[in-house]
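Asker: Before I ask anything, here is the structure I am working with.
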Amino acid sequence: MATQKVYIDPLTRIEGHLSIEMDVQDGKVVDAKCRGDMYRGYESILQGRNPVDAQQIVMRICGVCPVSHGQASSRCLDEAFGIKPTKNGRILRNLILGANFLQSHILHFYHLAALDFVDITAVLKYKGSDDGIVRIKDWVNNELKVKKGRPDEMTAGGPFLPRYEGKDFYIKDVDTNISAIAGYVKALDIREKTHRMVALFGGRAPHPISMVPGGVTTEPTKARIKEFKKYLKEVEEFINETYLNHIIAVAKAFPDYFKLGQYDSFLSYGVFDKDEDRKAFMFEQGLVTGGKLEKFDSSKIREQVKYARYKSGSNLHPLKGETVADPEKSGAYTWVKAPRYADKPMEVGPLARIVTAYYSGNKSVKKELDAVLKIFNAEVPAALSALGRHASRVIECKLIAQEMYNWLDDIESGGKTRNSYVIPDSGEGEGLIEAPRGALGHWIVVKGHKIANYQAIVPTTWFCSPKDDKGVKGPVEQALIGTPISDPKNPIEAARVVRSFDPCLACAIHVVEGDREITKFRVC
């Protein structure tokens, strides 16, 4: 059978601009390319600046995970300046980051991914009086009337329509759909609470100002701790009683996605430090390849650029990394570089953290993952999938919320929240952390008290990478192969697989490539 080209351009309900090109034969994807259509220039912006400017500037890379960028940069400076955070500084960093994790995971499921599974038109059968659901009902009803019978020409004025249209694309049970739509509305309020939690110790949200080399500037007063616990209790209740149930409902309605979007090589830098030396973590550091746990060694990280639009040197460690744009480069098809660990493309993110923790013997993670798999009479390999990524996020939320109470109790009254520092004439630093989307690294070289080089490898760079110098595809490209496409004009199956990774192209790349019309597509 002839090969058919199928495009998703752009992939909506993600952060930034991503397009997917697929070759489809006999109704399945046989080849795929991830295209990042923007260029990120922060590495150039930072050169020559005062090193302490970095953590404030890099948070502007992304408005969804700015906390992770700020903390990666702060850790980077900790190492370059030869300092460590205080105990309270470490705990406050964990609390700020943990609140952002909760916000990001809830955002991803309800406001980005759920509409791949939930039938938004079911809201038209809603008979209740909840104001949020009634507003959605009115919007959907009006939008359907605008172009009745011609969904390809519906206005794209909101987050619900147009959408992919096809048989059995969405959950059929009306009550489940209405419940999920109510969850969508409630999640907006819950996310606002998590932003307040970030601001209590971060100074503001989404871009907190309190994170500095050596710790955090905010004092953890009794009033702030009390208010944080109040919000945490409400968020935790939503996670356990609403979010978890909706993940299970989606998995029961679409069990095939335990077999789709699979990948088997995972990397975690470790996150939520248990000590100031970063030797132990709530979610462990390491690699899992083919079910085998390996020790992590950051010296094995390289970035390759054969198929990326850069004329930088290839296969460089980030401390020696270069970011020199080459928009006309022959053979290149993306602005995303190809990070590799010991020459291997690695999946990073919540699934990678859960898998690494599971194989590291983390009892809490094992208990939660086994409980979810038991519901579906499944074993660990089933988790290495599109649905496994969604399940991993709710497991993380549940465990982080529980642990936050312990962190709050461990704060030392009157203890210092940061250590002082002196900017050295020269130095190097590596700041490794986990963002909600996965392994995030920042690297700095200081010369003459200024930034001489700065590089960042973000989670999406790992999993949305193009082919590397040896022609090996990135994780998303590989995970797409074998995905069934029931309707090439409505490739919702591929969209579900890609969105399960939660791409953030704003992190991976930054400046729009330009006005260049290739063809026209209906945005879904």
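The values are calculated or read from the model by the stated rules, or taken from the named source; none is laboratory data. These numbers come from a predicted model, not from an experiment. Quick reminder, even Gly has a Cβ in these numbers, built from the backbone with ideal geometry, and neighbours come from all protein chains shown. The protein model used for the area step is the full one, side chains on, heavy atoms only, and it has no ligands, DNA or RNA in it. Shrake-Rupley method; radii C 1.70, N 1.55, O 1.52, S 1.80 Å.
Asker: Among the numbered criteria (1) open to solvent by 10 Å² or more (accessible area, probe 1.4 Å); (2) under 19 Å from E303 (Cα atoms); (3) among the acidic types (D, E), which single criterion is violated by E434?
Answerer: Here E434 clears every test but (1).
Asker: Regarding Y243, is this residue assigned to a helix (DSSP H, G or I), of a type outside the set (D, E) and either under 24 Å from R418 (Cβ atoms) or in contact (Cβ under 8 Å) with a residue 24 or more places away in the chain (or both)?
Answerer: Details: assigned to a helix (DSSP H, G or I): yes; of a type outside the set (D, E): yes; either under 24 Å from R418 (Cβ atoms) or in contact (Cβ under 8 Å) with a residue 24 or more places away in the chain (or both): yes.
So Y243 fits the description; yes.
Asker: With the requirement that a residue be more than 16 Å from I136 (Cβ to Cβ) and among the acidic types (D, E), what does the range 176-193 give you?
Answerer: E192
Asker: Just one of Y310, Y341, Y359, Y333 is buried (at least 16 other Cβ atoms within 10 Å of the Cβ), hydroxyl-bearing (S, T, Y) and free of Cβ contacts under 8 Å to residues at least 60 places away in the same chain; which is it? Can you show your working first?
Answerer: Working: Y341 fails: free of Cβ contacts under 8 Å to residues at least 60 places away in the same chain; Y359 fails: free of Cβ contacts under 8 Å to residues at least 60 places away in the same chain; Y333 fails: free of Cβ contacts under 8 Å to residues at least 60 places away in the same chain.
When all the criteria are applied, what remains is Y310.
Each row is one residue, and each column tells you yes or no for (1) in contact with a Pro (Cβ under 6 Å, 6 or more places away or on another chain); (2) closer than 23 Å to F169 by Cα; (3) of a type in the set (S, T, N, Q); (4) at pLDDT 95 or above.
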| position | (1), (2), (3), (4) |
| --- | --- |
| I433 | no, no, no, yes |
| R437 | yes, no, no, yes |
| K447 | no, no, no, yes |
| N453 | no, no, yes, yes |
| W462 | yes, no, no, yes |
| K470 | no, no, no, yes |
| P475 | yes, no, no, yes |
| R499 | no, yes, no, yes |
| V523 | no, yes, no, no |
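Asker: When residues of the range 256-266 are filtered for being open to solvent by 30 Å² or more (accessible area, probe 1.4 Å) and either in contact with a Phe, Trp or Tyr (Cβ under 7 Å, 6 or more places away or on another chain) or under 26 Å from G286 (Cβ atoms) (or both), how many remain?
Answerer: Restricting attention to the range 256-266, the residues satisfying the condition of being open to solvent by 30 Å² or more (accessible area, probe 1.4 Å) are 256, 259, 262, 264.
With the extra rule that they be either in contact with a Phe, Trp or Tyr (Cβ under 7 Å, 6 or more places away or on another chain) or under 26 Å from G286 (Cβ atoms) (or both), the set shrinks to 259, 262, 264.
So the count comes out to 3.
Asker: Report whether or not E237 is free of Cβ contacts under 8 Å to residues at least 12 places away in the same chain and either over 30 Å from V498 (Cβ atoms) or surrounded by fewer than 20 Cβ atoms within 10 Å (Cβ to Cβ) (or both). I'd like the intermediate steps shown before the answer.
Answerer: Numbers: free of Cβ contacts under 8 Å to residues at least 12 places away in the same chain: yes; either over 30 Å from V498 (Cβ atoms) or surrounded by fewer than 20 Cβ atoms within 10 Å (Cβ to Cβ) (or both): yes.
In short, yes.
Asker: Next question. Is there a residue in the range 454-467 that is open to solvent by less than 10 Å² (accessible area, probe 1.4 Å), in a helix (DSSP H, G or I) and over 30 Å from L46 (Cα atoms)?
Answerer: No.
Asker: State yes or no: is I106 of a type in the set (V, I, T), modelled with pLDDT of 95 or more and surrounded by fewer than 24 Cβ atoms within 10 Å (Cβ to Cβ)?
Answerer: Considered against the rule, which asks whether it is of a type in the set (V, I, T), modelled with pLDDT of 95 or more and surrounded by fewer than 24 Cβ atoms within 10 Å (Cβ to Cβ), I106 comes out as no.
Asker: Without any contact (Cβ under 8 Å) to a residue 60 or more places away in the chain, on the phi < 0 side of the Ramachandran plot and open to solvent by less than 60 Å² (accessible area, probe 1.4 Å), is that true of Y231? Steps first, please.
Answerer: On the way: without any contact (Cβ under 8 Å) to a residue 60 or more places away in the chain: yes; on the phi < 0 side of the Ramachandran plot: yes; open to solvent by less than 60 Å² (accessible area, probe 1.4 Å): yes.
Against the criterion (without any contact (Cβ under 8 Å) to a residue 60 or more places away in the chain, on the phi < 0 side of the Ramachandran plot and open to solvent by less than 60 Å² (accessible area, probe 1.4 Å)), Y231 qualifies.
Asker: If you go through the range 253-281, how many residues are part of a helix (DSSP H, G or I) and over 29 Å from E403 (Cα atoms)? Full working, then the answer.
Answerer: First, the residues of the range 253-281 that are part of a helix (DSSP H, G or I): 253, 255-258.
Subsequent filtering for residues that are over 29 Å from E403 (Cα atoms) retains 253, 255-257.
Residues flagged as part of a helix (DSSP H, G or I) and over 29 Å from E403 (Cα atoms) within the range 253-281 amount to 4.
Asker: Here are the criteria: (1) open to solvent by 20 Å² or more (accessible area, probe 1.4 Å); (2) under 18 Å from F463 (Cα atoms); (3) in contact (Cβ under 8 Å) with a residue 40 or more places away in the chain. Tell me which single one G270 does not satisfy.
Answerer: Every listed condition holds for G270 apart from (1).
Asker: Here is a follow-up. Consider the range 281-307. How many of its residues are of a type in the set (S, T, Y) and surrounded by 18 or more Cβ atoms within 10 Å (Cβ to Cβ)?
Answerer: Here is the first cut: in the range 281-307, the residues of a type in the set (S, T, Y) are 289, 298-299, 307.
Filter once more, keeping what is surrounded by 18 or more Cβ atoms within 10 Å (Cβ to Cβ): 307.
Final tally of qualifying residues: 1.
Asker: Might you let me know whether the range 18-36 holds any residue that is at pLDDT below 90, touching a Pro at 6+ places or on another chain (Cβ under 8 Å) and not aliphatic (A, V, I, L, M)?
Answerer: no
Asker: Pick from A180, A156: which is modelled with pLDDT under 85, of a type in the set (A, V, I, L, M) and either within 28 Å of the chain's Cα centre (by Cα) or within 18 Å of I106 (Cβ to Cβ) (or both)?
Answerer: Numbers: A180 fails: modelled with pLDDT under 85.
Exactly one residue qualifies, and that residue is A156.
Yes/no per residue for (1) more than 24 Å from the chain's Cα centre (by Cα); (2) aliphatic (A, V, I, L, M); (3) within 19 Å of F266 (Cα to Cα):
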site: S298; (1), (2), (3): no, no, yes
site: Q304; (1), (2), (3): no, no, yes
site: S312; (1), (2), (3): yes, no, no
site: P318; (1), (2), (3): no, no, no
site: A332; (1), (2), (3): yes, yes, no
site: P339; (1), (2), (3): no, no, yes
site: A342; (1), (2), (3): no, yes, yes
site: P345; (1), (2), (3): no, no, yes
site: N362; (1), (2), (3): no, no, yes
